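Only one structure is covered here, and it is reproduced in the block below.
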Amino acid sequence: MTPSPSATARQKAKPTAADASIAARERPTPAGVNAPGFGSDVVAEALRFLNIPYIALTPGASYRGLHDSIVNYLGNSGPQMLLCVHEEAAVAIAHGYAKVTGKAMAVAVHSNVGLQHASMAMFNAWCDRMPVLVLGATGPVDAVKRRPWIDWIHTARDQGALVRGYTKWDDQPASPAAAREALLRATWIADTAPMGPVYVNLDAEMQETKLAEPLPAIEANRYMPPITPGAPENLVRQAAVMLRSAKQVVILAGRASRSVEAWDARVALAEALGASVVTDLKIGASFPTDHPLHAGAPRDVTPDTVPALRGADLIVSLDWVDLAGALRPLGPSPAAEIIQVSLDHRIHNGWSMDYQALPPVDLFISADPDLVVPELLKAIGAEARARGGEGARAAAADRAPAGFTNEHIARSLRHALGDRPTTLTHLPLSWEDRWWTFRHPLDFLGSDGGGGVGGGPGISVGAALALKNSGRLPVAICGDGDYLMGVTALWTAVHYKIPLLFVIANNRSFYNDELHQERMARMRGRPVENKWIGQRMTDPEIDLAAMARAQGAQGFGPIDNAADLAAALPQAIAAVDAGAVAVVDVRVEPTYTATMTAAMTRAKS
Ligand SMILES: Cc1ncc(C[n+]2csc(CCOP(=O)(O)OP(=O)(O)O)c2C)c(N)n1
Ligand SMILES: [Mg+2]
């Protein structure tokens, strides 16, 4: 018998192998459904074509059709559902997964309210240029088919408008065939650099209507041709001429993939040029931080790196997040020539200004830096000058710091982990790059992207999901505010057996804003001692370890001194090695690093 076209398509698209212990969760009774019968079956099948292993979701009736299709048509495999307690966590988990894999995972959110919950996490992923395929639902769009009340409040004329300012593309397909095409296009767009979240809104009626006839099979890959955004040869040649004649080059090593080859090429380029390299704690590791050419990785302030920039006659930005901001100390017309290698301009839009100020640029190469660097290396090969050693940085001093601060967390963790491959999935706001050495692109995944506090826990769970069985220990160091806002992401990690260590830098405050109040007080000549009001989470203090235990994770602490921290961390790491999610509540002093405090509280505006 000739199989039906859609059956052929299904045989071609086997479920992507998920981790065995995750795959063992939530197995459905086989429904014996072998061919798509409803619109939502076609949508589910498209997710399988796309080889998307997981769909993180918080359920809702608006996509009950799709929910049924994933469970009873796909057998909850390829993709498998990851139940989340909050939509913000669902998107953050996909964001963290993309930070490691560079690929979009799927998320499903309920109409209107689910998308509203999801929106901050979508903004974080957008600013971080990370792909996420968000599926939503609405309707029935045909008003005569709506149930009274609930279907009306959960239908909107243009739901995509809620998130259009910070998604690359959105659609509301009106038929199963259009929905399949929308999913292919959405994932293709999301995964193409510059990457970002996309949103596809599925009409409830379209999902639930019986298929009139089977859809013809399609070869998904032919509809998603890979795009290779390399540099035109003439621009590489021009850049090579500038690099050869420069006396001192500074490379701003910005957004990059997690590829080891691309990392090695960046190191080789810097070494060939004797260039100082600046990195950025807002984004994933892009250069070895203990390399003699590494000149620092400031977060919001640049005192470390300004001298390097002032001494340069050529500055090369490899997709630096805020090039104009980095050049600001050099005045409106920097003497140095500037090369910018970036694709980011392709997604700048009229709503979001996350593109930053317009930088002066002498040579713009509109291409993926990971592809351009090896070409530059080839082009300057003959003239390579090894001047390694310039700008050498002192290693982190291993002296005991004063008080009890985030530096103690860094120091204690370093001791507890030794040389063990570790991925820092998140860092608190107060952090010095000297406290930790990055030697591999997976050593640090960068920040939340959009400054949306509460992203840390979910992003870390998603990263840990992608790192499961990799031999790397995922470690999230989160502020207490960040942890409290995103804490229910932990339940998903516990439930699906995704091991992960959280260390909470618990200053019992939204301390960042205390420094802003301090600055206001200084600017206005008012009492600085009032800065804590409306900021401190004390009286009662919140038991963060208990919030972990309440969700089945292991909670350690509260810990308020270095000796207890040194004793607790090996136990917490052992728990993670045994498969647990562990949370260590470290009650640090409400204070920031001296550099951050000075920069944030100076009286001049
Ligand atoms: C969703 C959201 N709400 C408020 C803010 C403003 N904000 C910026 S940093 C910060 C404090 C975060 O507290 P915590 O994670 O404990 O870090 P700390 O500054 O105390 O180290 C706040 C509230 C924000 N960025 N995002
Ligand atoms: Mg805090």
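Points to keep in mind about this one:
- Estimated distance in nm for a label pair at Tyr223 and Ser21, the labels positioned 7 Å out from Cα along Cα-to-Cβ: 3.7
- Ordering Val487, Pro474, Val503 by Cα displacement along the dipole of region 465-518 toward the positive end leaves Pro474 in first place; charges were set at the Cβ atoms of Lys, Arg (+1) and Asp, Glu (-1).
- DSSP beta bridges in the chain [antiparallel fraction, %, rounded to 5]: 5
- Karplus-derived HN-Hα couplings along region 335-342 (A = 6.51, B = -1.76, C = 1.60, θ = phi - 60°), whole Hz, x at Gly and Pro: 5, 5, 7, 10, 10, 10, 10, 6
- Given charges at beta-carbon only (K, R positive; D, E negative), |dipole| of the chain in Debye: 240
- Each Cα pair under 8 Å and six or more residues apart adds its separation to the average, and for region 454-536 the resulting relative contact order is 29 percent.
- Dipole magnitude of region 190-269, debye to nearest 20 (Cβ charges: Lys/Arg +1, Asp/Glu -1, about Cα centre): 820
- FRET efficiency, Glu181 to Glu261 (Cβ-Cβ, R0 25 Å, nearest 0.05): 0.15
- Positive dipole terminus of the chain, leading residue within Ser276, Trp169, Gly102 (C-beta point charges): Ser276
- Packing-based order for 363-369, 140-146, using average beta carbon neighbours within 10 Å, highest first: 363-369, 140-146
- When the Cα positions of Thr289, Ser317, Thr305 are compared along the charge dipole of region 260-331, Thr305 comes out farthest toward the positive end, with charges on each C-beta of Lys, Arg, Asp and Glu.
- Modelled FRET efficiency - R0 41 Å, Lys210 with His348, Cβ distances, 0.05 increments: 0.40
- Mean separation of Cα contacts under 8 Å (6+ apart) over length of the chain, as relative contact order %: 13
- Under the convention that each Lys and Arg Cβ holds +1 and each Asp and Glu Cβ holds -1, the size of the dipole of region 462-568 around its Cα centre is about 380 debye.
- Whole-Å distance, taken between Cα centres, linking region 61-134 and region 175-196: 14
- Annotation: amide H of Tyr54 within the under-5 Å range of Gln80, Ala106, sequence separation 5 or more or interchain, hydrogens built in the peptide plane.
- Over all directions, the projected convex hull of the C-alpha atoms in the chain averages 29.8 nm² in area.
- Here is the list for region 84-152: chymotrypsin sites (Phe, Trp or Tyr not before Pro) lying in DSSP coil, each with at most 12 other C-beta atoms within 10 angstrom of its C-beta, are Trp149.
- For Leu473, distant residues with modelled amide H under 5 Å away: Thr422, Thr423
- Atom-type composition of the exposed protein surface of the chain places 55 percent of the accessible area on carbon and sulfur (1.4 angstrom probe).
- Accessible surface for the chain, divided over its residues, is 41 Å² per residue with a 1.4 Å probe.
- Burial ranking of peptide ranges 218-229, 286-297 (average Cβ count within 10 Å, highest at the top): 286-297, 218-229
- Treating each Cα of region 63-177 as one equal point scatterer and applying the Debye formula with no solvent, the log10 of I(q)/I(0) at q = 0.10, 0.13 Å⁻¹ comes out as -0.31, -0.53.
- Based on C-alpha pairs under 8 angstrom that are at least 6 apart in sequence, region 313-362 has a relative contact order of 49 percent.
The values are calculated or read from the model by the stated rules, or taken from the named source; none is laboratory data. Being a predicted model, the structure only gives us computed values, none of them experimental. So basically every Cβ, Gly included, is an ideal-geometry build from the backbone, and we count neighbours across all protein chains shown. Ligands, DNA and RNA are stripped out before the accessible areas are found, and what is left, the full protein with its side chains, is counted by its heavy atoms. Shrake-Rupley method; radii C 1.70, N 1.55, O 1.52, S 1.80 Å.
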